[in-house]
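Chemist: Let me begin by handing over the structure; questions about it come next.
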Amino acid sequence: MDSLRYNDHGRFYGVDEALPLGAGLLYSPIRFPIFDPDERIYVTVEGLVYVLTHECDLDQDNDRAFNHSALICPITQLEDLVAEYSEEFGDDRARSFINALARREVSRLVYIPPFDDRLPYGGVLNLNEITNTFIDEFEQGGVEKVCSVSGFGIQVIDNFLKNHLLREKSARLPLTP
């Protein structure tokens, strides 16, 4: 598959207001839980998110058990990630890390291209921060369906998800043939 470049934003996103709540959509602001390591508790925040759950599993017209929650991945603005990483590890390590991210060598992070003023330099999906939220959050006042990714965009993200979640274990598991 083509590698994702900074200028792929034209191929990465689409806008279709008719798409139902489901995989491939970006919404903001959505309330979701995050862990506060200083307090050792979960707190809720609001932000831009990428929806992972398939639309048929969120459709309330489908009479299914457990379809009241949506899997989401928070999106961090690239400039916020760079500032946080630089503060913690220094500018040189931050440059090296961002270069590795650009080369797609960081399996747990997916760079997504710029999109309007919400992601002026692009954003990052941290696959280790996948979480859930109640589907009613998407109907709250002020919440907006920002856009959807395109077929190309969802393929890029899905490939990262497959690699991150389904790659072969590095350690040998018991009873492995």
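The values are calculated or read from the model by the stated rules, or taken from the named source; none is laboratory data. Please read these numbers as outputs of a predicted model, since none were measured by experiment. Cβ atoms come from the backbone with ideal geometry, glycine included; neighbour counts cover every protein chain shown. Accessible surface areas use protein heavy atoms only, side chains included; no ligands, DNA or RNA. Shrake-Rupley method; radii C 1.70, N 1.55, O 1.52, S 1.80 Å.
Chemist: Restricting attention to the stretch 10-28, does a residue exist that is over 15 Å from the mean Cα position of the chain (by Cα) and in a strand (DSSP E or B)?
Modeler: The answer is yes, given that some residue of the stretch 10-28 is over 15 Å from the mean Cα position of the chain (by Cα) and in a strand (DSSP E or B).
Chemist: Counting just the residues of the stretch 152-172 that are without any contact (Cβ under 8 Å) to a residue 60 or more places away in the chain and either more than 16 Å from the chain's Cα centre (by Cα) or under 21 Å from THR44 (Cβ atoms) (or both), which one comes out least open to solvent (accessible area, probe 1.4 Å)?
Modeler: Within the stretch 152-172, the match that is least open to solvent (accessible area, probe 1.4 Å) is ALA171.
Chemist: Scanning for something touching a strand residue (DSSP E or B) at 6+ places or on another chain (Cβ under 6 Å) and either without any contact (Cβ under 8 Å) to a residue 60 or more places away in the chain or at positive phi (or both), does the stretch 105-114 turn up at least one residue?
Modeler: yes
Chemist: Name the pairs: first residue in the stretch 62-76 and over 18 Å from GLY122 (Cα atoms) and among the small types (Gly, Ala, Ser), second residue open to solvent by less than 80 Å² (accessible area, probe 1.4 Å) and in a loop (DSSP other than H, G, I, E, B), Cβ to Cβ under 7 Å, at least 6 apart or on different chains?
Modeler: Sorted first by the residue in the stretch 62-76, then by its partner, the pairs are ALA70/THR53; ALA70/LEU58.
Chemist: Those residues that are buried (at least 16 other Cβ atoms within 10 Å of the Cβ) and either within 13 Å of the chain's Cα centre (by Cα) or among the small types (Gly, Ala, Ser) (or both), I need them from the stretch 130-151; list them, please.
Modeler: Passing the criteria: ILE130, THR131, SER148, VAL149, SER150.
Chemist: Let me ask something else. Looking at THR76, THR53 in this structure, which one is hydroxyl-bearing (Ser, Thr, Tyr), on the phi < 0 side of the Ramachandran plot and open to solvent by 40 Å² or more (accessible area, probe 1.4 Å)?
Modeler: Step by step, each of THR76, THR53 is checked, and only THR76 is hydroxyl-bearing (Ser, Thr, Tyr), on the phi < 0 side of the Ramachandran plot and open to solvent by 40 Å² or more (accessible area, probe 1.4 Å).
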